[in-house]
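Working notes, beginning with the structure itself.
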Ligand SMILES: Cc1cc2nc3c(=O)[nH]c(=O)nc-3n(C[C@H](O)[C@H](O)[C@H](O)COP(=O)(O)OP(=O)(O)OC[C@H]3O[C@@H](n4cnc5c(N)ncnc54)[C@H](O)[C@@H]3O)c2cc1C
Ligand code: SF4
Ligand code: FES
């Protein structure tokens, strides 16, 4: 059981929640995630820990409304209780000093990127961060990112803020300008796929953080499985971070759509209950 | 062992039993027919989740108990992994002392209501019964009687809360709440320890909850046992992964003196054949967890599940039977078992295979999948299947399946459940570098005390044996509790 202590809207569809979770706050590291279940009838979904405060015993999650559970979460308020929060799960990000690191975050992928950027900077790297989204109101955590980045480049599809263009355009610009030793791409699967294709052209080692469907998050079910370098791996325990050039993103996208119809139907039903 | 034999002898020679044996001639006893378990109608039950076996009525249990000869050398006991005093509890049923029978069962078996339902009796006690061995007759229905006595106690509302020694305030931890963990926790509480059970999932019970379906083992029954354990003072912490949420060192700092690890064999195996990651293909763990733990089949719950019209389940164990019968209940027109050996080699309980057949499950034995094909949305639509034949026995003693070249053919499937075994849960071994494990990832323990290479850590159940059984897991848990007790007491004395 975890109480919601703070809530903030980043945009209409993106919400930050600060939860009481002292044990997780103490042991979590960048790259870790939690699995939450809102109530008795809820499903279990993974959410990356965006930041934590060990002293206060809190963890911060950033949630984008995409389906029933995320919408329910976004509608919860300070003082409400989430029935189950378990973690920290996954393998922590491998952070060391390598030189210049390019961190490309798309949409809410920026939230899990935050602790990585922070860690990389503290390890002594030059960190260039790209924040990409469809439009201005979907750009999140810009101030926090600026705090830990040597440079922040904002890209929007519609040009409403920063530069107009896709995340890959921003990445190419940096890569053509200076030597990049390592790259992180986190965001929607399609964005990671093209981000990975971009860095592959230049042979830059690249890490992606995969957000597959999960149930238990402990390696027990295999719902999260995906081919990495021709071998099936479980994202919840072997990942969530993998060599982006080895990930079968097409398979991952297909698997993410496994419950598309059910999810759509459930979401419509949920919207009706909210409106009623 | 000698004193156990003497103990059994002494019990057998008690007056009431000697007198009981004389009441009916052995000839008469052996001429009685084995009782039949009342079952739900196959065509009705394959559409609902009601428990298939309805349980014996008292008069049936009493009738069956009369068949037991109360043998001087009760071979049935040698087949029981925890050595239940079988003739004693059966004779207690004969004299209608059902409460006494339940007490006898609980002397060695922490969860008789569960074991009476899920133990492979035909390979254990009933296999070794005098009737099977010497008379070539159906054995005493030991499993049904065990279930009867345990259910009787539960329904009587007089379930006794086991007596515990004076609380010694020493904290011990149990990792995992499956049968191994529950059995260990129960005994540790009886010894007087302050016991906390840590469970990764949001529910207590391990495979008993997320794996074995309602139609075979109602959850309610497991909950009653857990409630009793709470009353004994055992604490349960769900959503807590030892090694992640907190390390063993963190817990030791909090005052925990020793641990029992019963973390199970949670890691599902796949066959690594082409197309296996298509949508609609699940591990049995995922399929059963969605249905049993997450209630995906119920409208009110948010978790979805795909379950189609043509469901193929790969494997021949209990997990495969549970999956295929679940698929049928979720509306599959064709629910098929695809198993690479023949029925004789199937590891599933005989009763489950019988029930599956009655419910209209299609058995494609001596067949094996080679590849899956998907539709344009990435959903599985067909499987390529190969026929097999049996060769010489392999290391497991079962005849090895050999593919028949050129026998491949295609079948339509829209859902596949892969149920070809599990590997030990790697979480604990990963979290503890000093822990000795085998090449298969199971924890190495001293077979007498269940102590691992890390002195304060004991282990048992599937994490030590690989995929095994409920009764073996429970037996391990109890043995480990005794080992831990001895370890802690010796440590206290040394200080
Ligand atoms: C579908 C199915 C049907 C079966 N049918 C039968 C049958 O009919 N008869 C029979 O005898 N056997 C059967 N079995 C096998 C039997 O269930 C197992 O042998 C038995 O449950 C093993 O018990 P266990 O306590 O070792 O582990 P489990 O029951 O697997 O419990 C382990 C628990 O530990 C938890 N855990 C793991 N790691 C951690 C951690 N680090 N921190 C906290 N918690 C953790 C897990 O979440 C889990 O709840 C079946 C198994 C399955 C899957
Ligand atoms: S071997 Fe069979 S007949 Fe003999 S005591 Fe055991 S159950 Fe009864
Ligand atoms: S979510 Fe179940 S194994 Fe990864």
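Elements of the type strands (runs of 3 or more DSSP E) sitting completely within region A:192-246 and holding at least 3 residues that are surrounded by fewer than 22 Cβ atoms within 10 Å (Cβ to Cβ) and over 15 Å from the mean Cα position of the chain (by Cα): these cover A:231-234.
Can you say whether residue B:381 is within 14 Å of another protein chain (Cβ to nearest Cβ) and either buried (at least 20 other Cβ atoms within 10 Å of the Cβ) or within 30 Å of residue A:255 (Cβ to Cβ) (or both), as far as the supplied structure shows?
Details: within 14 Å of another protein chain (Cβ to nearest Cβ): yes; either buried (at least 20 other Cβ atoms within 10 Å of the Cβ) or within 30 Å of residue A:255 (Cβ to Cβ) (or both): yes.
The answer is yes for residue B:381.
Are any of the residues in region B:112-126 within 30 Å of residue B:456 (Cα to Cα), more than 11 Å from ligand 1 (Cβ to nearest atom) and away from chain A (no Cβ under 14 Å)? Let's see the steps before the verdict.
Keep residues of region B:112-126 that are within 30 Å of residue B:456 (Cα to Cα), which gives B:112, B:114-115.
Restricting the remaining residues to those that are more than 11 Å from ligand 1 (Cβ to nearest atom) gives B:112.
Okay, now just the ones that are also away from chain A (no Cβ under 14 Å), so B:112.
Yes, region B:112-126 contains a residue that is within 30 Å of residue B:456 (Cα to Cα), more than 11 Å from ligand 1 (Cβ to nearest atom) and away from chain A (no Cβ under 14 Å).
Those residues that are more than 11 Å from ligand 2 (Cβ to nearest atom), assigned to a helix (DSSP H, G or I) and either touching a residue at least 60 places away in the same chain (Cβ under 8 Å) or crowded, with 23+ Cβ neighbours inside 10 Å (or both), I need them from region B:113-130; list them, please.
So the first thing to find is which residues in region B:113-130 are more than 11 Å from ligand 2 (Cβ to nearest atom), and the list is B:113-120, B:122-124.
This time we only want the ones that are assigned to a helix (DSSP H, G or I), so: B:113-118, B:122-123.
Of everything in region B:113-130, those that are more than 11 Å from ligand 2 (Cβ to nearest atom), assigned to a helix (DSSP H, G or I) and either touching a residue at least 60 places away in the same chain (Cβ under 8 Å) or crowded, with 23+ Cβ neighbours inside 10 Å (or both) turn out to be B:113, B:114, B:115, B:116, B:117, B:118, B:122.
Given the conditions (1) out of contact with any helix residue (DSSP H, G or I) (no Cβ under 7 Å at 6 or more places or on another chain); (2) in contact (Cβ under 8 Å) with a residue 60 or more places away in the chain; (3) more than 8 Å from chain B (Cβ to nearest Cβ), and given that residue A:246 satisfies all but one, which numbered condition is not satisfied? Tallying (1) out of contact with any helix residue (DSSP H, G or I) (no Cβ under 7 Å at 6 or more places or on another chain); (2) in contact (Cβ under 8 Å) with a residue 60 or more places away in the chain; (3) more than 8 Å from chain B (Cβ to nearest Cβ), residue A:246 fails exactly one: (2). Identification of helices (runs of 4 or more DSSP H) wholly contained in region A:34-152 with 3 or more residues that are in contact (Cβ under 8 Å) with a residue 40 or more places away in the chain and crowded, with 23+ Cβ neighbours inside 10 Å yields A:110-122.
Every condition in (1) closer than 27 Å to residue A:136 by Cα; (2) within 14 Å of chain B (Cβ to nearest Cβ); (3) in contact with a strand residue (DSSP E or B) (Cβ under 8 Å, 6 or more places away or on another chain) is met by residue A:225 except one, and the failing one is (1).
With B:61, B:26, B:102 as the choices, which residue is crowded, with 18+ Cβ neighbours inside 10 Å, away from chain A (no Cβ under 14 Å) and either over 27 Å from residue B:161 (Cβ atoms) or away from ligand 2 (no atom under 15 Å from the Cβ) (or both)? Please lay out each step first, then the result.
Details: B:61 fails: either over 27 Å from residue B:161 (Cβ atoms) or away from ligand 2 (no atom under 15 Å from the Cβ) (or both); B:26 fails: crowded, with 18+ Cβ neighbours inside 10 Å.
Among B:61, B:26, B:102, only B:102 is crowded, with 18+ Cβ neighbours inside 10 Å, away from chain A (no Cβ under 14 Å) and either over 27 Å from residue B:161 (Cβ atoms) or away from ligand 2 (no atom under 15 Å from the Cβ) (or both).
Screening B:205, B:192 for residues that are more than 16 Å from ligand 2 (Cβ to nearest atom), under 15 Å from the mean Cα position of the chain (by Cα) and either more than 24 Å from residue B:480 (Cα to Cα) or touching a residue at least 12 places away in the same chain (Cβ under 8 Å) (or both) leaves exactly one candidate, B:205.
Tally time: how many residues in region B:44-59 are assigned to a helix (DSSP H, G or I) and without any contact (Cβ under 8 Å) to a residue 60 or more places away in the chain? Total meeting the criteria: 2. For beta carbons closer than 6 Å, sequence separation of 6+ or different chains, a first residue in region B:234-249 that is in contact (Cβ under 8 Å) with a residue 60 or more places away in the chain and closer than 30 Å to residue B:161 by Cα and a second that is within 9 Å of ligand 1 (Cβ to nearest atom) and assigned to a strand (DSSP E or B), the qualifying pairs are B:242/B:175; B:242/B:198. Counting the residues of region B:163-215 that are in a strand (DSSP E or B), buried (at least 24 other Cβ atoms within 10 Å of the Cβ) and more than 12 Å from ligand 1 (Cβ to nearest atom) gives 2. For region B:440-495, which positions are buried (at least 24 other Cβ atoms within 10 Å of the Cβ), under 22 Å from the mean Cα position of the chain (by Cα) and more than 16 Å from residue B:264 (Cβ to Cβ)? Across region B:440-495, the qualifying residue is only B:481. Criterion first (more than 16 Å from ligand 3 (Cβ to nearest atom), within 14 Å of chain A (Cβ to nearest Cβ) and touching a residue at least 12 places away in the same chain (Cβ under 8 Å)) does residue B:268 satisfy it? So residue B:268 fails the test.
Of the strands (runs of 3 or more DSSP E) lying entirely inside region B:378-495, those carrying at least 2 residues that are within 16 Å of ligand 1 (Cβ to nearest atom) and either in contact with a strand residue (DSSP E or B) (Cβ under 6 Å, 6 or more places away or on another chain) or over 27 Å from residue B:275 (Cβ atoms) (or both) are B:415-418, B:457-459. Could you tell me which residue of region B:137-162 is surrounded by the most Cβ atoms within 10 Å (Cβ to Cβ), considering only residues that are assigned to a helix (DSSP H, G or I) and more than 16 Å from ligand 2 (Cβ to nearest atom)? Once the filter is applied, the top-ranked residue is B:150.
Kindly indicate which of B:327, B:356 is away from ligand 2 (no atom under 16 Å from the Cβ) and out of contact with any helix residue (DSSP H, G or I) (no Cβ under 7 Å at 6 or more places or on another chain).
None of the other options fit; the residue is B:327.
Residues in region B:277-305 that are within 7 Å of another protein chain (Cβ to nearest Cβ), out of contact with any helix residue (DSSP H, G or I) (no Cβ under 7 Å at 6 or more places or on another chain) and in contact (Cβ under 8 Å) with a residue 60 or more places away in the chain: B:283, B:285. Taken over region B:245-268, residues that are under 27 Å from the mean Cα position of the chain (by Cα) and more than 24 Å from residue B:485 (Cβ to Cβ) amount to 4. Every test in (1) without any contact (Cβ under 8 Å) to a residue 60 or more places away in the chain; (2) under 28 Å from the mean Cα position of the chain (by Cα); (3) part of a helix (DSSP H, G or I) is passed by residue B:73 save one, and that test is (3). For region B:314-335, the tally of residues that are more than 14 Å from chain A (Cβ to nearest Cβ) and under 20 Å from the mean Cα position of the chain (by Cα) stands at 10.
If you check residue A:252 against the conditions, is it away from ligand 2 (no atom under 16 Å from the Cβ), farther than 27 Å from residue B:263 by Cα, touching a helix residue (DSSP H, G or I) at 6+ places or on another chain (Cβ under 6 Å) and not in a loop (DSSP other than H, G, I, E, B)?
Working: away from ligand 2 (no atom under 16 Å from the Cβ): yes; farther than 27 Å from residue B:263 by Cα: yes; touching a helix residue (DSSP H, G or I) at 6+ places or on another chain (Cβ under 6 Å): yes; not in a loop (DSSP other than H, G, I, E, B): yes.
Yes, satisfied.
Each value in this text was obtained by applying a stated rule to the coordinates, not by laboratory testing. Not measured: the values here are computed from a predicted model. Heads up, the Cβs are rebuilt from the backbone with ideal geometry, glycines too, and the neighbour counts pull from every protein chain shown.
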